[in-house]
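Notes follow once the structure below has been shown.
Derivation of every value follows stated rules applied to the coordinates shown; laboratory data play no part. These numbers were taken from a predicted model, which means no experiment stands behind them. Using ideal geometry, Cβ is built from the backbone for each residue, glycine included, and neighbour counts are taken over all protein chains shown.
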Amino acid sequence: MSLIQKTAAELGAMVAAGEVSAVEVAEAHLDRIAEVEPKVNAFLHVDREVTLGQARAVDERLRSGERLGPLAGVPIAHKDIFTTHDMPTTAASRILEGWRPPYDATVTRRLREAGLVILGKTNLDEFAMGSSTENSAYGPTRNPWDLNKIPGGSSGGSSAAVAAYQAPLSTGTDTGGSIRQPAAVTGIVGMKPTYGGSSRYGLIAFASSLDTPGPFARNVLDAALLHEAFSGHDPLDSTSVDAPVPSVVEAARQGDVAGLRIGVVKEFGGDGYQPGVLARFNEAVALLESLGAKVVEVSCPSFVTALPAYYLIAPSECSSNLARFDAMRYGLRVGDDGTRSAEEVMALTRAAGFGPEVKRRIMLGTYALSSGYYDAYYGQAQKVRTVIAREFEAAYHQVDVLVSPTTPTTAFPIGERADDPMAMYLADLCTIPSNLAGNAAISVPCGLADEDGLPVGLQIMAPVLGDDRCYRVAAAVEKALESRWGGPLLKEAPAL
Amino acid sequence: MTTTKMSYDEALDRFEPVLGLETHVELGTASKMFCGCRTMFGAPPNTQVCPTCLALPGSLPVANAKAIESTIRIGLALNCSIAEWCRFARKNYFYPDMPKNYQISQYDEPLCFDGYLDVEVGGETVRIEIERVHLEEDTGKSTHMGGATGRIHGADYSIVDYNRAGIPLVEIVTKPIPGTDRMAPEVARAYVTELREIMRSLGVSDVRMEEGSLRCDVNVSLMPRGSSEWGTRTETKNVNSLRSVERAVRSEIERQGAILADGGRIVQETRHFHEDTGTTTSGRSKEEAQDYRYFPEPDLVPIAPDPAWVAELKAALPELPSVKRKRLQAEWGLSDLDMQAMHNADAIDLVEATVAAGAPAADARKWWMGELARRANETGTALAELPITPAHIARVTELVASGALNDKLAREVLEGVLNGEGTPDEVVDKRGLKIVNDEGELSAIIDEVLAANADAADKVRSGKIAAVGALVGGVMKASRGKADAARARVLILEKLGVSE
């Protein structure tokens, strides 16, 4: 088995044992990137020399006896929304083309310190706004399972890179499902930690009260190892939770659901759900029951209002967060010919620098926050948010975790929903409630849909700081299904 | 546009003013409101900046706990209620000197609210009600280059210094202040003066209006006498001294009075005060109110001050300036008028320190409000900025009391200290300014003077004692002021064999 097929845990162990160097591991992945990138387009920036420089430094640290974590020497791809001091950071927007941040995000800094080597920056929907990665200013990323299909979004570059064996691990951000949905449609594991469990410092903001950094991996344990490596309180992020990181690695190793109470969310299913998705989901629920879990149906009626509430809160926050892109201090500058006022240069730059979906959301949010409309829109949406959080709370009195399909459908064709925002927004129907409530949720592969042979994800939701429960259930499902399948789901993916 | 003005008295014969004051105080914290950058005034442009205060993508704010504490202390000093739970809010508008294009401020949940401040004007106490005290961040500073006015209109280009961006700023807003009538300008000034002293006594800001660490926006409206419906108000900015506060109110009363008397209409707008002319000119119109799209700042957690901690802060507040003035007045036995004059001259702290250094209150007052006030006035500096300390003054009064100096010599000593010649004792030594109280030396000088002024001496001998004045004057002159005049008089009369 080649290096690129190894799990992150295996690679970390091999590097630690001196069986392979960080440089060799990085080179193998850089070669894979060079080979399949023309088909997948998962990366916005790859810089072989910078990556190998980092790998050499890790090898040096290990040689000098420095004690690094279990992922030292393991390569990683970062969603291009985390700042990196040695690589550009663009959020897939023209407005930040070529911008080189002078500082590292907390997530990237902590992972560097833990000895992970950055392979590059991955593609995304511009400023993380989208569910298909088609909103990138630098072209769409393709799903390694079917190059005509979307890899999910907004973290589609990160999901595709892991599914295409370009990287064993990657980071993403989940604001309304942007980790779980891409993980589901590419057949990998993606976790949205509890809001505040992972630092947003250095994460280019889309919607501050929702944005959550999280891990992608090809298996549950690797995701947990990555989760643990970058999580924990960060004094630079005021919304960061000052509590111990849930013991996610231990939970991923445990993978046991005997006696666990599992709630099936009644509202997520039926019309609009692809039959193949529902079939795999129902099998997964049956599987959990067979493993000793107690399964009940739970009704969360307000969850159907989550999508509209989300599309008021997220655009409102984004309309303010993206105001800083004004051509004054960094990024694109248009029309500065000495005749125009600062205001005109700002307007021309923003008109040229933002893509259509970003503009749509800025306008939605600007409207929703306007005086006279605030109470009816933003204020009302915040009330809905509170109701949803209470409904979750009530549900978690009855059960330990909730489950649902991660997405109503499998990966859809590139271009299919590009001109239909509402259809696109429905891709996040099942994932958004956890963002509004700040809860933890994971997506783990649960099979291929009969109609199209594409991956289906099982979403496991847990209360705030119950991240370990997500990993525990996901690991149990993974173990049982992989023994049924005779290996990971990804081995079913066609060769690239 | 220039408007004819109405005389102040005429305007007030017909209209009653309603005031409102919004004061911004830059807190003197070591670091900025939401990042760790320094806050030194006058540092080279853009040297006290970081990803957060430059609003680089991905950066986040972290609230300065000291600034929150200072704001609560200000609120307590202004008799406010302190919010048990409140949030920061984003105030959204685009401007190049505001890096994020939103200001982190507070909206409907201020940290402190519903307070008051009593000020004394013309022997009367006027209660100014405080609407709110809230915490926000300052913007950067734009400088408009080229063009004649230094304003953005007509400038060739602008440059921005972000050192100031993110410095903690406390905004103190009064409720509308009716009923000040002809005292309106004085009330406005007294309020800002008192506020400034409170900030100083709390030690939360250096409150230098000329450096912008205390800035005041003055709202004025007029209503016809007898009416109870307030008129349209204007907001005058760029009011950078206590005197300007007073002048800006007066100028707006005169300007608005003329417009209203002509049957005109006041435009709700921002106006700029001009130090040189003492008048205001139109700025941005507020008729189409800007929509700031306030919403709770999602990057920060709510502030929930522990009531026990607030109680501790309250208990630990320093003696407030007005209370202190009353106490000192009683201790010093000075008149209302003296105290008021000292207050207006910013001399109270100096006198207090001088008394603490050993001087009698009356003497301390006399020097600071006399010789030194004159000197400060001549050189256009504040009393506290003079190169002389309360300890110096105390030493001079001690020398006078011991008879080593008389008033004239004492003034010379002060002049020497102000000229940088050293401490009072050093000046006395260097300039040789000791009173001549060596009887032999004095006697010799008197003999010379009597010999040189035989006519005058004869007049005295013949009983015209009044003529002794000329002889004493001669002695003082001959001793270059160092003789003790009273002692000289006694000796002259003795020598001439005359008794009074």
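Observations
- Criterion: buried (at least 24 other Cβ atoms within 10 Å of the Cβ), among the small types (Gly, Ala, Ser), away from chain B (no Cβ under 14 Å) and out of contact with any Phe, Trp or Tyr (no Cβ under 8 Å at 6 or more places or on another chain) - qualifying residue of A:223, A:217: A:217
- Residues in segment B:155-184 that are among the hydrophobic types (A, V, I, L, M, F, W, C) and within 13 Å of chain A (Cβ to nearest Cβ) were compared, and the one that is surrounded by the most Cβ atoms within 10 Å (Cβ to Cβ) is B:165.
- Selection status of residue B:484, crowded, with 18+ Cβ neighbours inside 10 Å and of a type in the set (Asp, Glu): yes
- The set of residues from segment A:349-369 being within 13 Å of chain B (Cβ to nearest Cβ) and in a helix (DSSP H, G or I) comprises A:349, A:350, A:353, A:362, A:363, A:364, A:365, A:366, A:367, A:368.
- Members of segment B:40-66 that are more than 14 Å from every other protein chain (Cβ to nearest Cβ) and not in a loop (DSSP other than H, G, I, E, B): B:66
- Test: residue A:296 is within 12 Å of chain B (Cβ to nearest Cβ), of a type in the set (Val, Ile, Thr) and either over 27 Å from the mean Cα position of the chain (by Cα) or at negative phi (or both): no
- Residue within segment A:123-135 that is out of contact with any Ser or Thr (no Cβ under 8 Å at 6 or more places or on another chain), away from chain B (no Cβ under 14 Å) and in contact (Cβ under 8 Å) with a residue 60 or more places away in the chain present: yes
- Which listed residue, of A:238, A:178, is over 20 Å from residue A:9 (Cβ atoms), hydroxyl-bearing (Ser, Thr, Tyr) and within 14 Å of chain B (Cβ to nearest Cβ): A:238
- The one condition from (1) touching a Ser or Thr at 6+ places or on another chain (Cβ under 8 Å); (2) surrounded by fewer than 20 Cβ atoms within 10 Å (Cβ to Cβ); (3) aromatic (Phe, Trp, Tyr) that residue A:412 does not meet is (2).
- The requirement of being among the β-branched types (Val, Ile, Thr) and either in contact with a Gly (Cβ under 8 Å, 6 or more places away or on another chain) or within 14 Å of chain B (Cβ to nearest Cβ) (or both) is fulfilled somewhere in segment A:253-265, by at least one residue.
- Residue match in segment A:134-149 (condition: part of a loop (DSSP other than H, G, I, E, B), among the small types (Gly, Ala, Ser) and within 15 Å of the chain's Cα centre (by Cα)): no
- Residue A:98 vs. criteria without any contact (Cβ under 8 Å) to a residue 60 or more places away in the chain, under 30 Å from residue A:359 (Cα atoms) and of a type in the set (Gly, Ala, Ser): yes
- Residue match in segment A:376-387 (condition: touching a Lys or Arg at 6+ places or on another chain (Cβ under 6 Å), within 14 Å of chain B (Cβ to nearest Cβ), surrounded by 17 or more Cβ atoms within 10 Å (Cβ to Cβ) and of a type in the set (A, V, I, L, M, F, W, C)): no
- Residue match in segment A:332-339 (condition: farther than 23 Å from residue A:422 by Cβ and at the interface with chain B (Cβ under 9 Å from one of its Cβ atoms)): yes
- Segment A:295-348: number of residues that are over 21 Å from residue A:205 (Cβ atoms) and free of Cβ contacts under 8 Å to residues at least 12 places away in the same chain: 9
- Strands (runs of 3 or more DSSP E) wholly inside segment A:210-323 containing at least 2 residues that are closer than 19 Å to residue A:190 by Cα and of a type outside the set (Lys, Arg): A:212-217
- Tally of residues being among the basic types (Lys, Arg), under 21 Å from residue A:342 (Cβ atoms) and either under 32 Å from the mean Cα position of the chain (by Cα) or away from chain A (no Cβ under 11 Å) (or both) across segment B:83-109: 1
- Candidates B:456, B:404, B:444, B:382: the one that is surrounded by fewer than 16 Cβ atoms within 10 Å (Cβ to Cβ) and more than 26 Å from residue B:337 (Cα to Cα) is B:444.
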